Amino acid sequence: NLTETWWLDASAFPDLLWARLRVFRDGTAEVFDLDGRYTRFSSESEARLFLLEDEYERHDEIESAEFVAVGLDPPGPAPPVSDSDSDLVERMLVRSAAPRPSRDAPAPPPTESKLRRDGKHCPVCVAPLSMNASRTRRRRDCESCGAHPQQAKRCRRCFATAGAVWESRLGAACATCGNHGTKRDVLAEE
């Protein structure tokens, strides 16, 4: 038995660049990418971090607004289907027929999910993070909601650690994948 999820490279929108993540019964995982490569991992969390580092987002967790912002109909495209992986590769890269915006055209405003992950906004309340006293770096706490990174806590969705999860009295959020909500929704069980 295995679980399978589909991921999209959000930085390539409106083109669709797909990747498939499979998690096996023994806990190992495998990513199948649009180049036809299989990359094996000892755990699902390693595979998720691999995908997140390449700006892939889990397909079923992308907000409809992100699809609309790049001219795609909500709820978004369906993952590719095929009888074999060799045939599937041909369907994992879909070039958009939509006209490309000119370089002078203003960029669409960032979605809330992107703001939570950009390092310039609080992942919990999306307020801008102020600079430190010497104005060389962003502060690692939010003046608006009091959120700050939690070194020992993990995200329930992507299993990120080392300060990726921020927590406040309002709730919690992950600065790696954008997962946010109540502490129960965001924090992985210890």
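The values are calculated or read from the model by the stated rules, or taken from the named source; none is laboratory data. Because the structure is predicted, anything quoted here is derived from the model rather than measured. Backbone-built Cβ (ideal geometry, glycine too); neighbour counts: all protein chains shown.
Of all the listed residues (Phe13, Phe50), the sole one being in contact (Cβ under 8 Å) with a residue 40 or more places away in the chain and either buried (at least 19 other Cβ atoms within 10 Å of the Cβ) or closer than 21 Å to Asp118 by Cβ (or both) is Phe13.
Going by the conditions given, is Asn179 modelled with pLDDT of 85 or more, out of contact with any Gly (no Cβ under 7 Å at 6 or more places or on another chain) and among the polar types (S, T, N, Q)? If you could, list the steps in order and put the result at the bottom.
Values: modelled with pLDDT of 85 or more: yes; out of contact with any Gly (no Cβ under 7 Å at 6 or more places or on another chain): yes; among the polar types (S, T, N, Q): yes.
Taking the combined requirement at face value, the residue satisfies it.
If the condition is being surrounded by 14 or more Cβ atoms within 10 Å (Cβ to Cβ) and in a loop (DSSP other than H, G, I, E, B), then segment 130-152 contributes Asp141, Cys142, Ser144, Cys145, Gly146, Ala147, Gln150.
Inside segment 86-113, residues that are in a loop (DSSP other than H, G, I, E, B), among the small types (Gly, Ala, Ser) and modelled with pLDDT of 85 or more make up a count of 0. Pairs linking a residue in segment 55-75 that is more than 20 Å from Thr176 (Cα to Cα) to a residue that is in a helix (DSSP H, G or I), with Cβ atoms under 6 Å and 6 or more positions apart or on different chains, are Pro74/Ser64; Pro74/Phe67; Pro74/Val68; Pro75/Ser64.
Report yes if some residue within segment 55-62 is closer than 18 Å to Arg91 by Cβ, in contact with a helix residue (DSSP H, G or I) (Cβ under 9 Å, 6 or more places away or on another chain) and part of a loop (DSSP other than H, G, I, E, B); otherwise report no. Looking through segment 55-62, none of the residues is closer than 18 Å to Arg91 by Cβ, in contact with a helix residue (DSSP H, G or I) (Cβ under 9 Å, 6 or more places away or on another chain) and part of a loop (DSSP other than H, G, I, E, B).
I'd like the full set of residues that are more than 19 Å from the chain's Cα centre (by Cα) and either exposed (fewer than 13 other Cβ atoms within 10 Å of the Cβ) or not in a loop (DSSP other than H, G, I, E, B) (or both), limited to segment 114-129. Outline the logic, then answer.
Restricting attention to segment 114-129, the residues satisfying the condition of being more than 19 Å from the chain's Cα centre (by Cα) are 127-129.
Correct list: Pro128 only.
Scanning segment 138-151 for any residue that is touching a Pro at 6+ places or on another chain (Cβ under 8 Å), modelled with pLDDT under 90 and basic (Lys, Arg) turns up at least one such residue.
Would you call Val70 within 13 Å of Asp15 (Cα to Cα) and either surrounded by 14 or more Cβ atoms within 10 Å (Cβ to Cβ) or at pLDDT 85 or above (or both)? Taking the combined requirement at face value, the residue satisfies it. As for segment 73-86, it holds no residue that is within 20 Å of the chain's Cα centre (by Cα), of a type in the set (A, V, I, L, M, F, W, C) and closer than 21 Å to Arg156 by Cα.
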